[in-house]
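None of the figures in this text is laboratory data; all of them are computed from the coordinates on show. As the structure is a prediction and not an experimental result, all values here were calculated from the model. Methodologically, a virtual Cβ is constructed for each residue, glycine included, from the backbone with ideal geometry; neighbour enumeration extends over all protein chains shown.
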Amino acid sequence: MATYDSLFSALGLKDWCAEGKEDGPMSMADLLAKAKGKNAEPESLWDFPFPSMDALNDSCTAFPQSRELTQGLEQGFLAIKDNLSLVLDPLTQPLSWALDSALYGMLNTPWWIVIPIMLAVVFLVTKSWKLVLFVGASICLLAFIDYYEYAMQTLAIIFVCAFLCVLLGVPIGIAMSRSNTIQRLTIPVLDMLQTLPPFVYLIPLIFLFSVTESKLYGIAIILYAIVPVVRLTNLGIRLVDKDVIEAADAFGMTPRQKLFKVQIPLALPNIMAGVNQTIMMSLAMVVIASLVSAPGLGVLVLRGIRNLELGVGLVAGLGIVILAVVLDRVTKASLARINATHKQ
Amino acid sequence: MANDIKISIKNLYKIFGPTPDVALEYVKRGMNKADLLDQHNHVLGLRDINVDVCDGKITVIMGLSGSGKSTLIRHLNRLIEPTAGEIRLNGNDVLDLNEEQLRQLRREQMSMVFQKFALLPHKTVLENAGMALNIRGHTVADFENEAVKWLARVGLEGNENQYPHQLSGGMQQRVGIARALVSNSPIMLMDEAFSALDPLIRSDMQDLLLELQGELQKTIIFITHDLDEALKLSDHLVILKDGEVVQQGDPQDILLNPNDPYIIAFINDINRARVLRVRSVMKPHSANDTDYAGDISEKDNLETVLSLSGGDTDKTYRVVRDGETVGSLSMKDLTRALVPSEA
């Protein structure tokens, strides 16, 4: 006899309960109680159980146990999984190609071509010799300790994912800024993506895609890193000076002209701040994504943890810090250049 | 020709709130602004505005903040939609235009100058000046000559490749005016265009505007809260209070015959000798007038006549227009006109 027997009999559900299977799976707590030969009946009001699913199941076996909830979710997901991956697989295939070819390109071009190209890009976006020198020294340091290959893998993944984040995130941000309804609908999703522990959305992704495919970690990184660029694009466009917008209207701009000639250029400092954050978050995620076979410095960190190779883990961690500083300084410097021409 | 009506505003109402149509009925039955806000939570923006704007003249709409003047000017190019009424441009109701026609009107008929300049901060002065043409699809090369010409005309020669933030407020507003001129529209809307500038620059800009107007004869609707500015610029003055027109007409006439305590309070503070002109206070010409102390133009202000007379109140001057005698002005009349009237 259990605590809530009287409840079910009072509701006249005794017959329905009796139909339930008696041999439902036992919880660990039940097993322990049985082993100790304890009665499930509470001895005093002090032990009175909350009417949870398991407690109700004790009284009425037809009532579902809480484990059936998680199990149901799992089974539901497995049931739609095949159809879902039928749609998602071809849709996300380009991501695999992009990641694979970026990795192939970065690793199979000799270092004396890759490093000068990167330095040229740094100079192009920052126009600062000091930064070029700093970036060159950082990469040479990583190459000197034989981490060049890992660092390039990490960079290749970040470039592809951050680029796709911007490609998808900016239009979403623009759509949010133009309609309050879209903003209301999108913000909870963004909040969820930002707060959900990154390990959690690795789980369904593993079910959906093969672990050998690079799009698995690509999607994880994009989902995690896209949030700031969406948010800041939306914010940036909403913050554009109302007077300038009014002037644009008064001179007869079409909505499209307004977007491309006024709103996006004036929101650019904010959008670039979002891109900076997105790049930093992709770097954070690329380390975690090494759990699902993302190559790069994260693999070394993982090796450090798994094999307790302290030195490898620490040096790889420092390498990530160096990459983070490089990426942050370069994007911040280009942001500062944009800000300078956008002064009000 | 000169007095052709370009824009005619008829029975214009604007009420802000969730159900302006309902509130409009109350307003038409005579409910005032405070009651409407109290009882129905709607804000009365404009009530029964009737204004005719003459072609080629400067019409100044004056009022304190909250009087609805900025709301009114934004109705002309429909940046704000009215609750009821008509706005006729060259006889056609602006409210009948569809989106495309309205855009056409804003591009070709009306240009606007803003209180806070509202220049594009990421574009050069040249590109800002050519904004209207750029919107119509012209490239910098197309409008460069035109933009450089007008920038030079407003005194910004050599600043073409600077950015707005590198210019002072007065210079930025010159870019704003050049932008409106480059668009080559017959109508210019100026929303407190000089209010953000310091007094000396403001006076310069007013002179510049009058000079340009002498050349171009555009139809200008100018918004201001400054009576001195209004009197200096206006051919036709409209005084707005709480969304209603209190008095409108020739500014000299309003100054001499104010019909509302609100206006009297306004005009008490101004320098009447500088604002009033001879034509407003002179007597019509009669044949038997004899000894004139000298000739004065009808356009002279009273300050000029005062300094000419050296303070002698016995003198009488002959008033001439283009060499013809049109009237006479005795110093006694002049002195009388300097005392503000009691309405």
So what is the 222 nm mean residue ellipticity for the protein assembly as shown from helices alone, if each DSSP H run of at least 4 adds -39500 (n - 2.57) and you divide by all residues, rounding to the nearest 500 deg cm²/dmol?
-> -18000 deg cm²/dmol
Per the rule of 0.36 nm per residue minus the C-alpha distance, extending A:Ile338 to A:Leu168 adds in nm 59.0 nm
Rounded to 5, the percent of DSSP beta bridges in the protein assembly as shown classed as antiparallel | 60
Taking only the alpha-carbon atoms of the protein assembly as shown, the convex hull volume per residue, in cubic angstrom, is 291
Flagged links, alpha-carbon separation over 19 Å, of B:Lys10/B:Lys232; B:Lys6/B:Lys28; B:Lys57/B:Lys232; A:Lys242/A:Lys332; B:Lys241/B:Lys299 = B:Lys10/B:Lys232; B:Lys6/B:Lys28; A:Lys242/A:Lys332; B:Lys241/B:Lys299
Using 0.36 nm per residue of separation minus the Cα-Cα distance, give me the extension gain between B:Thr325 and B:Glu303 in nm, one decimal.
-> 5.8 nm
Find how many whole Å separate the alpha carbon centroid of region B:229-276 from the alpha carbon centroid of region A:267-344.
-> 66
Evaluate E = 1/(1 + (r/R0)^6) for A:Leu91 and B:Asp250, where r is the Cβ-Cβ distance and R0 equals 56 Å; express this FRET efficiency to the nearest 0.05.
-> 0.20
Once phi is turned into ³J(HN,Hα) by the Karplus curve 6.51 cos²θ - 1.76 cosθ + 1.60 with θ = phi - 60°, what whole-Hz value does each residue of region B:55-69 show in order, with x for glycine and proline?
-> 5, x, 10, 9, 9, 9, 9, 10, x, 7, 5, x, 7, x, 5
Could you point to the residue in A:Ala273, A:Ile115, B:Thr19 farthest towards the positive end of the protein assembly as shown's charge dipole, with +1 and -1 charges on the Cβ of Lys/Arg and Asp/Glu respectively?
-> A:Ile115
Antiparallel DSSP beta bridges within chain B, percent to nearest 5 | 60
Magnitude of the charge dipole, region A:60-193, Cβ model with Lys/Arg +1 and Asp/Glu -1, debye to 20 = 580
What is the Cα convex hull volume of region B:153-223 when expressed per residue in Å³?
-> 89
In whole percent, the Cα-Cα distances of region B:82-223 spread across 10 Å bins from 0 upward as 12, 41, 33, 13, 1
Projected label distance in nm at A:Leu69 and A:Phe50, using a 7 Å step from Cα toward the beta-carbon = 1.0
Give the order of A:Phe48, A:Phe123 when sorted by the count of other beta carbons within 10 angstrom, beginning with the fewest.
-> A:Phe48, A:Phe123
Among A:Leu297, A:Leu78, A:Leu323, whose mean-square fluctuation peaks in a Gaussian network model of chain A (Cα, cutoff 10 Å)?
-> A:Leu78
Just need the relative contact order of chain B here, percent rounded to a whole number, with Cα pairs under 8 Å and 6+ apart.
-> 18
Which longest run of chain A has no exposed loop site in it, a site being trypsin sites (Lys or Arg not before Pro) in a DSSP loop with at most 12 other beta carbons within 10 Å, and the site itself not part of the run?
-> A:128-342
Contour minus Cα-Cα span, B:Asn98 to B:Ile264, at 0.36 nm per residue, comes to 55.5 nm
So how far, in whole Å, is the C-alpha centre of region A:139-157 from the one of region A:50-118?
-> 29
Across chain A: Cys residues that no other cysteine approaches within a C-beta distance under 4.7 Å = A:Cys140, A:Cys161, A:Cys165
How high is the relative contact order of region B:1-115, given as a whole-number percent (alpha carbon pairs under 8 Å, six or more residues apart)?
-> 36
Taking a cut-off of 30 Å between Cα atoms, list the lysines near A:Lys14, but don't count ones fewer than 8 places away on the same chain.
-> A:Lys34, A:Lys36, A:Lys38
In whole Å, what three semi-axes, largest first, describe the equivalent ellipsoid of chain A built from its Cα gyration tensor (square root of 5 times each eigenvalue)?
-> 51, 30, 18
So which lysines pass the test for B:Lys149, namely a Cα distance under 23 Å, with those fewer than 8 places away in the same chain ruled out?
-> B:Lys123, B:Lys218
Per residue Cα convex hull volume in Å³ - calculated over region A:252-338 | 90
Roughly how many nanometres apart are two label points built 7 Å out from the Cα toward the Cβ at A:Asp243 and A:Leu107?
-> 5.6
Determine the distance separating the Cα centre of region B:135-175 from the Cα centre of region B:74-119; give it in Å without decimals.
-> 24
